[in-house]
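Remarks on the structure that follows.
The values are calculated or read from the model by the stated rules, or taken from the named source; none is laboratory data. No experiment lies behind these values; they were computed from the predicted model shown. Methodologically, a virtual Cβ is constructed for each residue, glycine included, from the backbone with ideal geometry; neighbour enumeration extends over all protein chains shown. The accessibility values were calculated without ligands, DNA or RNA, using every heavy atom of the protein model including side chains. Shrake-Rupley method; radii C 1.70, N 1.55, O 1.52, S 1.80 Å.
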Amino acid sequence: MRLDKFLKVSRVIKRRTVANEACDAGRVKINDKVAKASAEVKVGDVIEVQFGSRPVKIEVLDIQDTTKKEAAGELFRYL
């Protein structure tokens, strides 16, 4: 699954366009490497998103095309 779509489906970032812009600005890393929006996300990857001065690290636990709001938290865990 594409990185920008995963960030939106998991509700780490609310909109896919915002996720795309964050990737273009270099604020998103996969396994400590700056990633583009089109990068593939796999189970077990560690994603770090820079929100202002606060970095958020998550580990991908599951990948789904769509989820309900209540189940979105089960796709990842905070590190």
Legend entry - Flag for ASP24 being in contact with a helix residue (DSSP H, G or I) (Cβ under 7 Å, 6 or more places away or on another chain), open to solvent by 20 Å² or more (accessible area, probe 1.4 Å) and at pLDDT 90 or above: no
Inset, instruction - Could you grab the pairs with beta carbons closer than 8 Å, sequence gap of 6+ or different chains, first residue in segment 56-68 and under 15 Å from LYS5 (Cβ atoms) and open to solvent by less than 80 Å² (accessible area, probe 1.4 Å), second one assigned to a loop (DSSP other than H, G, I, E, B) and acidic (Asp, Glu)? - result: VAL60/ASP45
Legend entry - Yes/no for ARG16 being open to solvent by 90 Å² or more (accessible area, probe 1.4 Å) and within 22 Å of GLU70 (Cα to Cα): yes
Legend entry - Identity of the residue in segment 29-42, over 15 Å from VAL9 (Cβ atoms) and of a type in the set (Val, Ile, Thr), that ends up least open to solvent (accessible area, probe 1.4 Å): ILE30
Inset, instruction - Would you be able to say whether some residue in segment 29-47 is touching a Lys or Arg at 6+ places or on another chain (Cβ under 8 Å), under 10 Å from LEU3 (Cβ atoms) and in contact (Cβ under 8 Å) with a residue 40 or more places away in the chain? - result: yes
